[in-house]
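Enquirer: Mind having a look at this structure? Questions to follow.
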Amino acid sequence: MSIPIIRTLADLRKTVAAWRHEGLRIAVVPTMGALHEGHLSLVRAALERADRVIVTLFVNPKQFNNAADLAAYPRTEHEDAAKLAPLGAHVLYAPHSFEMYPDGFATTVSVGGVSEGLCGAYRPGHFDGVATVVAKLFLQTGADLAFFGEKDFQQLHVVRRMSRDLDLTIELIACPTVREEDGLAMSSRNARLSPSQRRAAPKLAEIVFETAERLAAGAAADDLFRGARKAILSAGYREVEYLELRADDDLSPLATAEKPARLLVAAWMGDVRLIDNVSVRPKRGLTRFFASTAV
Ligand code: PAF
């Protein structure tokens, strides 16, 4: 069993036009490859809601603010295609880079507001790169639905804002973060952790969940964050870039969880940057990661 791989926009358009002719509902799952269970959960969710699912695979140079990070990003197209085929995804669109950024390409989609702070503060240009490539992927595929993971929570907000502002009719579906059994949020970057770093890494999720529980119980963010940052560093992380409480709906900063909120973190384990976030629901409390989303 194999999945058809499409490399050119002309071929993609032909395929999509034929599907449209049959009146089929089309979903897109944008990825940069190195697929793990988190991506596969998006594909499964897409297959439930659409007649045809296009998975895109493009390591987008415009969203890397660091050349070493781009060079180190895992490229595993063969394995990715082998993971997608048994699920029943219909097409892997892995365009040549000139299809995405032909000579003379000079357009940037830049989203304000929700792209500021958090990752936006530490990765200049990152969200412009994301918004630009995602806008292109939406337009190229002409999909009705698009699936994104909550793991990249700020990215989700950026893509949602862009879609609203540009009157794109594609429906965005957010899917929960998938975690390893020890709680570590699945990420293509986890593969770059050494064995000892991999053993230490889940502590981040543990601390974030504990902190979120206290926030849900009414504690003030500032009081908790000093201790939480120390605990993350003691667990073996070399730097905490941010640990912040933000409103779920518009990412505005919060001092307490007086409304539905997210606790978001970015920290460096050696030279690997990991991000995570959990929902903080003051009234109903939190669902522990091992109870609901471990695979
Ligand atoms: O989340 C990702 O993998 C990327 O940011 C995306 C959405 C595929 C855009 O390159």
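Enquirer: Would you be so kind as to identify all helices of the chain, as entire DSSP H runs, whose Cα atoms reach 20 Å or more along the helix's own axis and whose mean Kyte-Doolittle hydropathy is at least 0.0?
Expert: On the way: long enough: 126-141 (22 Å, 0.84).
In the chain, the long hydrophobic H runs are 126-141.
Enquirer: Take every DSSP beta bridge whose two residues both sit in the chain, then give the antiparallel share in percent to the nearest 5.
Expert: Taking every DSSP beta bridge with both residues in the chain, the antiparallel ones total about 50 percent.
Enquirer: Using the Cα gyration tensor of the stretch 126-176, with a ≥ b ≥ c the square roots of its eigenvalues, what is the shape: rounded (a/c below 1.5), prolate (a/b larger than b/c) or oblate (neither)? All intermediate terms of the calculation are to be shown ahead of the outcome.
Expert: On the way: a/c = 1.57, a/b = 1.18, b/c = 1.33.
In terms of gyration-tensor shape, oblate.
Enquirer: Right, here's the next one. Once you keep just the Cα pairs under 8 angstrom separated by 6 or more residues, what percentage relative contact order results for the chain? The partial results should precede the final answer.
Expert: On the way: 532 pairs, mean separation 50.7, N = 295.
Contact order relative to length: 17 percent.
Enquirer: Would you mind getting me the FRET efficiency between E239 and H21? Use the beta-carbon distance for r and R0 = 35 Å, nearest 0.05.
Expert: Step by step, r from the Cβ atoms, then E = 0.10.
Enquirer: Name the shape class, rounded, prolate or oblate, that the alpha-carbon gyration tensor gives for the stretch 147-295, where a ≥ b ≥ c are the square roots of its eigenvalues, rounded holds for a/c under 1.5, and otherwise prolate holds if a/b is larger than b/c and oblate otherwise.
Expert: Here the stretch 147-295 falls in the oblate category.
Enquirer: When a/c is below 1.5 the answer is rounded, else prolate if a/b is larger than b/c, else oblate, so apply that to the stretch 198-237 with a ≥ b ≥ c taken from the square roots of the Cα gyration tensor eigenvalues.
Expert: oblate
Enquirer: Could you work out the relative contact order of the stretch 1-114, using alpha carbon pairs under 8 angstrom and six or more residues apart, expressed as a whole percent?
Expert: Answer for the stretch 1-114 is 39 percent.
Enquirer: Under a cut-off of 28 Å between alpha-carbon atoms, report the lysines in cross-link reach of K83, not counting same-chain residues fewer than 8 places apart.
Expert: Reachable lysines: K14, K62, K136, K151.
Enquirer: Ok, one more. Quick one: which of 187-196, 136-145 comes out on top by average Cβ neighbours within 10 Å, and what's the full order, highest first?
Expert: 136-145, 187-196
Enquirer: Run the quick spin-label model on D69 and A10: label points 7 Å from Cα toward the beta carbon, then report their separation in nm to one decimal.
Expert: Computed distance between label sites D69 and A10 equals 3.6 nm.
Enquirer: How far is the Cα center of the stretch 84-144 from the Cα center of the stretch 152-213, in Å?
Expert: First find each Cα centre; the distance between them is then 17 Å.
All of the numbers you see were taken from the coordinates with simple rules; none came from a lab. Bear in mind that the values here come from a model prediction, so they are computed numbers and not experimental data. In this analysis, Cβ positions are derived from the backbone assuming ideal geometry, glycine residues included, and neighbour counts consider all displayed protein chains.
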